[in-house]
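Inspection log for the structure reproduced underneath, given as structure tokens.
The values are calculated or read from the model by the stated rules, or taken from the named source; none is laboratory data. Since the model is a prediction, treat every value here as computed from it, not as a measurement. Every residue, glycine as well, gets a Cβ built from its backbone with ideal geometry; the counts of neighbours run over all protein chains shown. We work out accessible area using only protein heavy atoms, side chains counted, and drop any ligands, DNA or RNA first. Shrake-Rupley method; radii C 1.70, N 1.55, O 1.52, S 1.80 Å.
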Amino acid sequence: MRGEYQQLVDEISAALGAPATLEDRDFGLIAFGAHGGDDDTDLLMDPVRTRSILQRRSTAAVRAWFEAFGIARAQAPLRIPPDPAAGVFTGRICLPVRHRGVVLGYVWLLDDEHLAALDLSVPFADPRLAQAMETAARIGALLAAEARAGAELGELLRDLLTARRPAREAARDALREALG
């Protein structure tokens, strides 16, 4: 599934013309879009994005700072201003990744000159933003399916370890089939 996430993040980056990252709801990095263009100015990243990519997660302080803007409750894209004191030199646009109303992650876009004109107060008026939000919904469906599959495997493993013999054998067979 990780390749699918990368493809979807690349779709969002292409639609909006800005590098994007995808993090789960605990701010663990799942995928990120390429940075860059024809000159080195496009390669500049702030410390928060650099750390997120290199360490594959954001710090608790960064998470708290972004959550203070209401990202966990957001139903539409949010613009978050820069805060150099927090290491956020470039503002962000957060696309909440939801499935059936539950936030499962976030797509982060650097709010640079490419996105400055986006009017987030009417998010679906701009077809590029509407396409990005549709892609974020597809990511949400994938994350939900992955979570369900993990829960089912956990139940089978529990049965394999704790159930009576017929249920153990059924769990063993189901695990073999599921895991190949």
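In the range 82-129, what count of residues is obtained for those that are among the aromatic types (Phe, Trp, Tyr) and assigned to a loop (DSSP other than H, G, I, E, B)? Let's see the steps before the verdict.
If we filter the range 82-129 for residues that are among the aromatic types (Phe, Trp, Tyr), which is where we start, we get 89, 106, 108, 124.
Applying the additional criterion that residues be assigned to a loop (DSSP other than H, G, I, E, B) yields 89, 124.
Looking only at that region, the number is 2.
Only one of ALA86, ALA147, ALA72, ALA137 is in contact with a helix residue (DSSP H, G or I) (Cβ under 8 Å, 6 or more places away or on another chain), closer than 22 Å to ASP24 by Cβ and small (Gly, Ala, Ser); which?
On the way: ALA147 fails: in contact with a helix residue (DSSP H, G or I) (Cβ under 8 Å, 6 or more places away or on another chain); ALA72 fails: in contact with a helix residue (DSSP H, G or I) (Cβ under 8 Å, 6 or more places away or on another chain); ALA137 fails: in contact with a helix residue (DSSP H, G or I) (Cβ under 8 Å, 6 or more places away or on another chain).
Only one candidate qualifies: ALA86.
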Members of the range 60-80 found to be open to solvent by 50 Å² or more (accessible area, probe 1.4 Å) and in a loop (DSSP other than H, G, I, E, B), listed by number | ALA68, PHE69, ARG73, GLN75
Candidate set: the range 1-25, residues that are touching a strand residue (DSSP E or B) at 6+ places or on another chain (Cβ under 8 Å) and open to solvent by 80 Å² or more (accessible area, probe 1.4 Å); chosen: the one nearest to HIS99 (Cα to Cα) = ARG25
Among (1) open to solvent by less than 50 Å² (accessible area, probe 1.4 Å); (2) in a helix (DSSP H, G or I), which single condition is ARG148 missing?
-> (1)
How many residues does the range 91-123 contain that are surrounded by fewer than 16 Cβ atoms within 10 Å (Cβ to Cβ), under 15 Å from ALA18 (Cα atoms) and under 19 Å from the mean Cα position of the chain (by Cα)?
-> 0
